[in-house]
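The values are calculated or read from the model by the stated rules, or taken from the named source; none is laboratory data. The structure displayed is predicted, hence computed values, not measured ones. In this analysis, Cβ positions are derived from the backbone assuming ideal geometry, glycine residues included, and neighbour counts consider all displayed protein chains.
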Amino acid sequence: MTNAADSTFWSFTLDLYGKSGVAPALIGLQDRLGLDVNMLLYCCWCGADGKVLSREDMKAVEAVAEPWQSEVVRPLRSLRRRLKGGFGAMPADRVEAYRKRVNELEIEGEHIAQNAMGRQPRGERQAGGSTAAAVAANLNAYLKLRHAPADAPERADLTTVLRACCPDATADEISASFA
């Protein structure tokens, strides 16, 4: 059973992830820095609601999601990626059909993680701050928590995500976000 926060987070994710450039940007951050796409999306979701997450908020959300991610979702992702392009002498069409089913399980696993994440602390609303500033603060705080560098490729990916999440943000807000 899901509650409103669960479905709202998932709906937000599907909308943002489907916007131009967002999926490759998030996957790039995941693959290069080992960041959790669901945590990046959680940072955006909270920030889009004007809420800034504390370090403790992020740690609480990670404590709920990380065991599931590491024991269920990441192994499924690894298997799905391993099967891409076939598997030795196995029939290519059957392997591809199997890979698609693994992908469906991986997505359902992400949804389950987001259901749990959606019930966690969502930060404090920042009076007078813009949505873009809240999203950027959350993303920067998550990178800091993970000790992840924000070099040029990462800044470009973060900017893509921020622009998609906050289309009304000014160019100055965007450019100052990950400097």
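A few remarks follow.
- A count restricted to the stretch 155-179 and to residues that are acidic (Asp, Glu) and either under 13 Å from GLY21 (Cα atoms) or touching a Cys at 6+ places or on another chain (Cβ under 9 Å) (or both) stands at 2.
- Flag if ALA63 is farther than 20 Å from ARG155 by Cα, among the aliphatic types (A, V, I, L, M), free of Cβ contacts under 8 Å to residues at least 12 places away in the same chain and assigned to a helix (DSSP H, G or I): yes
- ALA150 in contact with a Phe, Trp or Tyr (Cβ under 8 Å, 6 or more places away or on another chain), modelled with pLDDT under 95 and assigned to a loop (DSSP other than H, G, I, E, B): yes
- Some residue of the stretch 30-39 being of a type outside the set (S, T, N, Q), assigned to a helix (DSSP H, G or I), within 15 Å of the chain's Cα centre (by Cα) and within 16 Å of ILE112 (Cβ to Cβ): yes
- Counted residues, the stretch 10-36 - those being on the phi > 0 side of the Ramachandran plot and among the basic types (Lys, Arg): 0
One line per residue, one yes/no per condition, for (1) in contact with an Asp or Glu (Cβ under 7 Å, 6 or more places away or on another chain); (2) of a type outside the set (Gly, Ala, Ser); (3) surrounded by fewer than 20 Cβ atoms within 10 Å (Cβ to Cβ); (4) more than 14 Å from LEU26 (Cβ to Cβ):
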| position | (1), (2), (3), (4) |
| --- | --- |
| GLY129 | no, no, yes, yes |
| ALA132 | yes, no, no, yes |
| ALA141 | no, no, yes, yes |
| ALA150 | no, no, yes, yes |
| VAL161 | no, yes, no, no |
| CYS166 | no, yes, no, yes |
| SER177 | no, no, no, yes |
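- Inspection of the stretch 122-131 identifies no residue that is free of Cβ contacts under 8 Å to residues at least 40 places away in the same chain and assigned to a helix (DSSP H, G or I).
- Number of positions in the stretch 157-179 that are touching a residue at least 24 places away in the same chain (Cβ under 8 Å), in a helix (DSSP H, G or I) and under 17 Å from the mean Cα position of the chain (by Cα): 7
- Filtering GLY118, GLY129 for residues that are under 14 Å from the mean Cα position of the chain (by Cα), at pLDDT below 95 and within 26 Å of TYR42 (Cα to Cα) leaves a single hit, GLY118.
- Verdict on GLU154 being acidic (Asp, Glu), surrounded by fewer than 18 Cβ atoms within 10 Å (Cβ to Cβ) and in contact (Cβ under 8 Å) with a residue 60 or more places away in the chain: no
Residue-wise test of (1) without any contact (Cβ under 8 Å) to a residue 60 or more places away in the chain; (2) surrounded by 15 or more Cβ atoms within 10 Å (Cβ to Cβ); (3) over 15 Å from ALA164 (Cα atoms).
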{"residue": "TRP10", "(1), (2), (3)": "no, yes, yes"}
{"residue": "SER20", "(1), (2), (3)": "no, no, no"}
{"residue": "ASP31", "(1), (2), (3)": "yes, no, yes"}
{"residue": "ASP36", "(1), (2), (3)": "yes, yes, yes"}
{"residue": "ALA48", "(1), (2), (3)": "no, yes, no"}
{"residue": "ASP57", "(1), (2), (3)": "no, yes, yes"}
{"residue": "LEU76", "(1), (2), (3)": "yes, yes, yes"}
{"residue": "LYS84", "(1), (2), (3)": "yes, no, yes"}
{"residue": "ALA89", "(1), (2), (3)": "yes, no, yes"}
